[in-house]
Amino acid sequence: PNRVIFSGIQPTGIPHLGNYLGAIKHWVKLQNKPGDIYYSIVDLHSLTIPKSRTFMRTSILDITACLLACEINPERAVLYQQSCVPEHTLLSWVIGCLVPVNRLKHLPQWKGRIPSFSLSLWFRSHKHGGGHIGRYTYPLLQTADILLYKATHVPAGDDQAVHLILTNEFAKSFNRTHGHFFPQTQIISDPTFARIRDLRNPTVKMSKSSQSENGRIEITDYDDAIRGKIKRAITDCTSAVTYDPDNRPGVSNLVQIHCGLSDITPTEACNTAQNMDTGAYKTLVANVVIDHLSPIRERYFELRQDENRLKEILKYGNQRAAKVAKENFNAVRDLLGIQ
C-alpha cells in the first residue's frame, strides 16, 4: 500500500533549534522517500491558548517562510493551513461522537486535571475561568488530522507514541463497525530525533515559552546572538567533554546539538572534543550552529518579504489537501449513512 506521511506544526512564533532538530530537519529528509506527504500548519490547535488576530496572521506566514527556508518543497510535500480544510473539524466531530468520555480521561492531558468522580463537577468548578474544553478535546482533532489523509506514518520520537494510541484505537473501532477504511498508523522513529534541552535549564526541553530568551536558539537568530547564548549555556564544574545526559545534562545537550547538526554520534562528537575543555567546545558548537542556521536565516528573511508568494504557496497546498480530505470525508459520510 501507498505510504502516507502526516505531521503538523503550530504557528506559535519562530521555530527554535529544538523544533528544527526534533522535527523539521527530518521532514526535509522524508521528502526524498516515496509516498504522499502532508505537512500542516495546525492553526486550529494553536487556538487552545488565545492569541491576537495580528499575532496569528503574522505567525502563519512566519512559519510558512521558515519551513520553506529549511527546504521544505511545496511541490513534493503538501504544505497547507489546517483551518482552510474544514474536513479536519468535521471528522473531529465524528470521532468525538464515537469515542467514550472515559477513554479520553485516560489521556495524559486529562489525567490529574479532571476529578474521576464526576465530569459534570469538573465543568462546574471551571465555569468562572480556565478549563477551556479545547485543551482537553484536541486529541480528537489530532486523530482527525492523521486519519483524514489515511496516514500510515507519523514522524515523531518514541516519547510521542502515546498520542497515536487513540488514533489507532479509533481506526480499529470504526473499521469493525463500518468495514475496513482507516489504516493503522505507525511512528517513523529515528535514533537521531533530538530532544534539545533549554540552554539555561537543561533539565527541561527547549521551548518557545522559556522564561529566558537565552535558553533557546531561534532559527533566525543572528550569529552574535547564537555565540552569546551558547557561551552562557549552563554546564558544570567538570572541564572534560563527555556525553552523560543523566549526570551531565548541560554538556550532553551541547553534544546533542553538535550531533544533530553534523549527523555524527555522541562518541564521534566527544572524540572531536577530547583535547578541549567545555569553554572551547562551546565555541566549536557555536560555529557548527552558525554554519547551519545562517543560510536558513538569510533565506527566511528573503522569503518573508514576499507575503503574496507565501499566500500563493499556502493556497496551492490548501487546494491539494482539500481535494483528498473532501474525498476521504465523503467516504466516511457514506459509511455513516449521512451522505
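The values are calculated or read from the model by the stated rules, or taken from the named source; none is laboratory data. Nothing here was measured: the structure is a model prediction, and the numbers come from that model. Cβ coordinates were reconstructed from backbone atoms using ideal geometry, including for glycine residues, and neighbour counts include every protein chain displayed. Just so you know, the surface numbers come from the protein's heavy atoms only, side chains and all, with ligands and any DNA or RNA stripped out. Shrake-Rupley method; radii C 1.70, N 1.55, O 1.52, S 1.80 Å.
Put the Cα centre of region 143-187 next to the Cα centre of region 305-328 and the gap is 24 Å. What number in nm² do you get for the chain if you take the convex hull of its Cα atoms and divide its surface by four? Spelled out: convex hull of the Cα atoms, projected over all directions, averaged, 19.3 nm².
Calculated accessible area for the chain comes out at 49 Å² per residue, all protein chains present (probe 1.4 Å; ligands, DNA, RNA ignored). As a fraction of the 1.4 Å probe accessible area of region 257-339, surface on carbon and sulfur atoms comes out at 46 percent.
In the chain, the DSSP beta bridges split such that about 10 percent are antiparallel, to the nearest 5.
Students often forget the sequence filter, so: which aspartates and glutamates lie under 20 Å Cα-Cα from K323 once same-chain residues fewer than 8 apart are removed? Partners found: D36, D43, E75, E87, D145, E312, D334. One decimal place: the segment N2-S262 gains 90.4 nm when fully extended, by the rule 0.36 nm per residue minus the C-alpha distance. With each label modelled as a point 7 angstrom along the Cα→C-beta vector, the R57-I133 pair spans 3.0 nm.
Setting aside same-chain residues fewer than 8 positions from K172, which lysines have a Cα under 19 Å from its Cα? By straight Cα distance, K172 reaches K150. Derived scalar couplings between HN and Hα for region 165-179 equal 4, 4, 4, 6, 4, 5, 4, 5, 5, 4, 5, 4, 7, 10, x Hz in order, rounded to whole Hz, by the Karplus curve 6.51 cos²θ - 1.76 cosθ + 1.60 (θ = phi - 60°), x for Gly and Pro. Here N175 and D306 are evaluated by their C-beta separation; at R0 = 41 Å the FRET efficiency comes out at 0.35.
For region 213-301, the residue among I226, V241, L254 whose Cα projects farthest onto the positive side of the dipole built from Cβ charges is I226.
Here K231 is the anchor, and the lysines within straight C-alpha reach of less than 19 Å, apart from those fewer than 8 places off in the same chain, are K205, K282. If only the Cβ of Lys and Arg carry +1 and only the Cβ of Asp and Glu carry -1, the dipole of region 213-301 around its Cα centre is close to 180 debye.
Scattering from region 213-301 was approximated by placing one identical point on each alpha carbon and applying the Debye formula without solvent; log10 I(q)/I(0) at 0.11, 0.12, 0.17, 0.24 1/Å stands at -0.28, -0.34, -0.67, -1.23. Around the Cα centre of the chain, unit charges on the Cβ atoms of Lys, Arg, Asp and Glu (plus for the first two, minus for the last two) sum to a dipole of about 1200 debye. Ordering 180-188, 278-286 by mean Cβ neighbour count within 10 Å, with the highest value first, yields 278-286, 180-188. Carbon and sulfur: what percent of region 1-94's accessible surface (1.4 Å probe)? Summing carbon and sulfur atoms, their accessible area is 57 percent of the total for region 1-94.
Considering only N2, N32, N330, and ranking their Cα positions along the charge dipole of the chain that arises from unit charges at the beta-carbon of Lys, Arg, Asp and Glu, the one farthest toward the positive end is N330. Sorting 250-261, 135-146, 295-306, 199-210 by their mean Cβ neighbour count within 10 Å, with the most densely packed peptide first, gives 250-261, 135-146, 199-210, 295-306. Dipole check for region 1-86: with +1 at the C-beta of Lys and Arg, -1 at the C-beta of Asp and Glu, and the Cα centre as origin, the magnitude is about 100 Debye.
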